[in-house]
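**Student:** Would you mind keeping the following structure in view while I ask a few things?
The values are calculated or read from the model by the stated rules, or taken from the named source; none is laboratory data. As the structure is a computational prediction, the values presented were derived from the model and not from experiment. Accessible surface areas use protein heavy atoms only, side chains included; no ligands, DNA or RNA. Shrake-Rupley method; radii C 1.70, N 1.55, O 1.52, S 1.80 Å.
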Amino acid sequence: MLFMCHQMAVKKEAQEKLKAEQLRKARAAVDVPIIWILGGPGCGKGTQCAKIVEKYGFTHLSSGDLLREEVASGSDKGRELQAVMSSGGLVSNQEVLSLLNGAVSRAKGNSKGFLIDGYPREKNQGIAFEEQIAPADLALYFECSEDTMVQRILARAAAAAVKRADDNEATIRSRLQTFKQNTSAILEQYVDKTLTINAERDVDVIFTEVVDAIECVLKKRQKAVASC
């Protein structure tokens, strides 16, 4: 019995060492900041991402945009993804990670940092991202009430040239409930690297808080480089 416990302890230690080494290699592979941008539809994170890109020159990557671009390319992979989405299925996390990894790899030599928009959508996606791509330096969560997001989405839908069947209040509230449940798990998983920002204020007031957070990340990275 003692021998079995010892074996289990040794195996666990080996697994932890392997995971630590994988994270070390991932961090070394991407030597610029990686920031997760989290928030429900209508929270205004798109506006904040545009302002971050303008000020810092970071690369803005959206998993949804990458999927649409791959489909539009007409590649074999794009046709496979189109078939999955057209049938109502969900694209696997590994496929999404592969697209993100490819985009990061293509841009990392010239990028000053990465904004990963709308990802992770659940905590297991965050774990996989950090293991396979690189650890995130910061997660910015733009918090907004459900009523505010519903109003914003409905207003956006009313102004759109093409109307979507799922742009009605009942469907939107259902989507937001799912988002809230998944996001709560992510925030609990990454308490040490998450900054929650009140997204119901003026755009420029919000951005001031965003800038403070990014400047903190940049300073920490500079200190880490100086100590090497």
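**Student:** Considering only protein heavy atoms, what per residue accessible area in square angstrom results for region 32-227 with a 1.4 angstrom probe?
**Tutor:** 53
**Student:** Could you tell me the accessible area of K123 in Å² (1.4 Å probe, neighbours in place), rounded to the nearest ten?
**Tutor:** 90
**Student:** How do V225, V210, V205 rank by accessible surface area computed with a 1.4 Å probe, from largest to smallest?
**Tutor:** Reading off the accessible areas and sorting them downward yields V225, V205, V210.
**Student:** Here is a further query. Please compute the volume of the convex hull spanned by the alpha-carbon atoms of the chain and report it per residue in Å³.
**Tutor:** 179
**Student:** Ranked by accessible surface with a 1.4 Å probe, highest first, in what order do M85, M149 come?
**Tutor:** Ranked list, largest accessible area first: M85, M149.
**Student:** Cut-off under 12 Å on the C-alpha distance; same-chain residues fewer than 8 positions from K77 excluded. Which aspartates and glutamates are left, in chain and number order?
**Tutor:** Cross-link targets: E69, E95.
**Student:** Here's something else I'd like to know. Once both axes come from the Cα atoms, what is the angle between helix 169-189 and the longest principal axis of the chain, in degrees from 0 to 90, rounded to 10?
**Tutor:** 20
**Student:** Okay, next question. Measure off, as a whole percent, the carbon and sulfur share of the 1.4 Å-probe accessible area of the chain, all protein chains present.
**Tutor:** 54
**Student:** Any chance you could run the full-extension gain for A155 through K180? It's 0.36 nm times the residue separation minus the Cα-Cα distance, nm to one decimal.
**Tutor:** Roughly 6.9 nm would be gained on extension.
**Student:** For region 82-133, what is the Kirkwood estimate of the hydrodynamic radius, computed as the reciprocal of the mean inverse distance between distinct Cα atoms, to one decimal in Å?
**Tutor:** Taking every pair of different Cα atoms in region 82-133, averaging 1/r and inverting gives 12.2 Å.
**Student:** If ligands, DNA and RNA are left out, what is the accessible area of I133 with a 1.4 Å probe, given in Å² to the nearest 10?
**Tutor:** Surface accessible to solvent at I133 totals approximately 10 Å².
**Student:** Just to make sure I understand: if all protein chains stay in place, what is the order of D212, D167 by accessible area at 1.4 Å, largest first?
**Tutor:** D212, D167
**Student:** While we're on this one: Run the helix sum for the chain: -39,500 (n - 2.57) per DSSP H stretch of 4+ residues, divided by residue count, reported at 222 nm to the nearest 500 deg cm²/dmol.
**Tutor:** -21500 deg cm²/dmol
**Student:** Report, to the nearest 10°, how far helix 146-159 tilts away from the longest principal axis of the Cα atoms in the chain, using its own Cα long axis and a range of 0 to 90°.
**Tutor:** Compared with the principal axis, the helix lies near 50 degrees.
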